[in-house]
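Let me begin by presenting the structure, written as structure tokens, before commenting on it.
The values are calculated or read from the model by the stated rules, or taken from the named source; none is laboratory data. What you see is a predicted model, and the numbers here were worked out from it, not measured in a lab. Here the Cβ is made from the backbone with ideal geometry for all residues, glycine too, and neighbour counts use every protein chain on show.
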Amino acid sequence: MSDRFPILEPEYLVLQARARDLADRCLPHADRADESDSVDAEVLALLKDSGLAAVQVPAKYGGEFESPDSLAVTVVREQLAAASSHVDSLFAMQGIGSYAIAVGGTDEIREQWLPRVARMEAIAALALTEPEVGSDLKSLSTTIAEDGHDVIIRGTKSFITNGGDADYYCVLGKEDVNGRSGYSLVLVPANTSGVRTSRPYQIMAPHVLGDIEFDNVRVPNTHRLGEPGRGFALVLATLATFRVSVAGAALGTAQAALDDALAHTTTRKQFDSPLARLGPIPQMLAMSWTEIEMARAFTYQVARAAASDPRGSLDLSSMAKIGATEVTGRVVDRSVQMMGRFGLVRGSRIERLYRAARPMRVYEGATEVLLDSLSKQLIKEHSR
């Protein structure tokens with residue numbers, strides 16, 4: 001990464017160094033962990049020992065910042081993703097799966113779970129998608145109903161990160177409130193009666209994913225997160241805070257791919273010259289460097305904005321996510337091309353990076369879905 005521009009304040013540079021140290025310690029385990037569909041014990045222990053999960057939780061509950069800081073999360077994910085998609089995902093989900101608790105949980109629920117999240121003693125998860133529902137969350141079929149002092153959850157969630165290994169799930173479901181249909185969010189401990197998990201699939205870049213069935217699951221009414229029928233507001237707040245961090249993870253992946261391509265092309269000779277000086281290779285290297293630096297500068301600026309005004313920055317976060325993940329797809333593909341047959345070797349880092357880069361353009365908002373939303377907003381603002 002270029003240090004030419006002072007685009008990070010000292011406290012974030014310290015955090016970046018801590019994350020880089022964790023990434024270096026995870027790298028020897030990446031070949032194994034990144035092919036696992038369950039939480040890797042050694043990587044989990046390293047993340048726990050680093051203390052970095054504390055940046056995801058408010059200081060009042062053992063965190064490092066007054067509230068979760070988008071730039072801090074983005075900076076950490078950039079370093080972790082360069083080494084291991086597994087540790088990056090574990091780190092990211094501690095924030096994505098606990099933000100609704102920090103914002104909408106009761107004092108009792110916050111005190112019970114957030115310190116454990118900060119210490120990596122509880123693995124977090126957010127259960128939104130369903131077998132037939134992805135981006136169109138308002139079509140979900142999971143239901144939440146109040147029954148005396150309890151709420152009852154019925155339904156199935158699918159493709160849930162940390163599914164099967166999480167200690168709790170923040171579950172979004174439909175609920176009728178005062179005769180009107182709304183969407184509520186409820187915290188469900190994983191050991192609650194009626195919670196069943198399965199792992200029916202594995203994606204191209206193996207990931208801790210599971211389906212979660214909630215069969216008449218009953219939890220106390222105090223497990224609600226936010227007001228009944230207003231769960232979507234918490235989901236949007238979560239996305240506004242953490243979507244930009246996907247851009248950070250993408251940048252780390254792109255930088256690692258460029259580093260591998262640069263190491264290969266400057267040391268391997270053909271026709272008595274390094275590859276880095278032959279044919280289109282110099283332009284491919286330079287274009288990759290340019291795109292990464294442009295995406296990084298924008299991502300950091302958006303992460304700063306999201307840290308101070310999450311909801312007002314959701315459109316910018318979407319732009320950063322689109323831009324960085326699309327750049328990463330191009331950079332990783334170029335890197336494989338520049339490395340020739342060596343870029344195709346199964347089990348090599350560049351092969352892992354190639355597979356890890358592709359899902360980034362799908363999860364937490366597919367490129368086309370986000371572009372559609374942005375275009376509608378652009379047209380609306382133009383029409384004012």
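General remarks:
Residue-by-condition table, conditions (1) under 16 Å from Val246 (Cα atoms); (2) among the polar types (S, T, N, Q); (3) outside the structural domain of Glu64 (by TED's automatic domain parsing):
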{"residue": "Leu285", "(1), (2), (3)": "no, no, yes"}
{"residue": "Phe298", "(1), (2), (3)": "yes, no, yes"}
{"residue": "Ala306", "(1), (2), (3)": "yes, no, yes"}
{"residue": "Asp315", "(1), (2), (3)": "yes, no, yes"}
{"residue": "Met338", "(1), (2), (3)": "no, no, yes"}
{"residue": "Ser348", "(1), (2), (3)": "no, yes, yes"}
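- Looking only at segment 253-278, and only at residues there that are surrounded by 13 or more Cβ atoms within 10 Å (Cβ to Cβ) and in a loop (DSSP other than H, G, I, E, B), the one that is nearest to the chain's Cα centre (by Cα): Arg268
- Of the residues making up segment 33-57, those that are at pLDDT below 95 and surrounded by fewer than 21 Cβ atoms within 10 Å (Cβ to Cβ) are Glu35, Ser36, Asp37, Ser38.
- Residues of segment 146-174 classified as under 17 Å from Gly104 (Cα atoms) and either in the same structural domain as Asp37 (by TED's automatic domain parsing) or of a type outside the set (Gly, Ala, Ser) (or both), total: 6
- The residue that is surrounded by the most Cβ atoms within 10 Å (Cβ to Cβ), among those in segment 136-151 that are assigned to a loop (DSSP other than H, G, I, E, B) and in contact with a Ser or Thr (Cβ under 9 Å, 6 or more places away or on another chain), is Thr142.
- Per the listing Val151, Val177, Val217, Val188, the residue uniquely in contact with a Phe, Trp or Tyr (Cβ under 8 Å, 6 or more places away or on another chain), hydrophobic (A, V, I, L, M, F, W, C) and touching a residue at least 12 places away in the same chain (Cβ under 8 Å) is Val188.
- Elements of type strands (runs of 3 or more DSSP E) in segment 152-226, at least 1 residues being crowded, with 19+ Cβ neighbours inside 10 Å, of a type in the set (Val, Ile, Thr) and under 23 Å from the mean Cα position of the chain (by Cα): 168-177, 180-189, 209-220
- Hits in segment 149-186 - residues which are of a type in the set (Phe, Trp, Tyr) and within 22 Å of Phe91 (Cα to Cα): Phe159, Tyr168, Tyr169
- Remark: Ile123 matches the filter, which requires a residue to be within 24 Å of Asp40 (Cβ to Cβ), touching an Asp or Glu at 6+ places or on another chain (Cβ under 9 Å) and in contact (Cβ under 8 Å) with a residue 12 or more places away in the chain.
- Residue list for segment 125-134, filter: more than 18 Å from Ala233 (Cβ to Cβ) and either in contact with a Pro (Cβ under 8 Å, 6 or more places away or on another chain) or in a loop (DSSP other than H, G, I, E, B) (or both): Ala125, Thr129, Pro131, Glu132, Gly134
- Segment 227-247: number of residues that are assigned to a loop (DSSP other than H, G, I, E, B) and surrounded by fewer than 15 Cβ atoms within 10 Å (Cβ to Cβ): 1
- Qualifying residue in segment 110-118 (condition: touching a Gly at 6+ places or on another chain (Cβ under 8 Å), surrounded by 17 or more Cβ atoms within 10 Å (Cβ to Cβ) and either assigned to a strand (DSSP E or B) or not hydrophobic (A, V, I, L, M, F, W, C) (or both)): yes
- Pick from segment 275-304, criterion without any contact (Cβ under 8 Å) to a residue 60 or more places away in the chain and of a type in the set (Gly, Ala, Ser), ranking: nearest to Thr74 (Cα to Cα): Ala295
- Just one residue in the set Ala17, Ala59, Ala33 is within 18 Å of Ala118 (Cα to Cα) and outside the structural domain of Ile350 (by TED's automatic domain parsing); that residue is Ala59.
- Scanning segment 187-227 for residues that are farther than 24 Å from Gln94 by Cβ and among the hydrophobic types (A, V, I, L, M, F, W, C) yields one hit, Met204.
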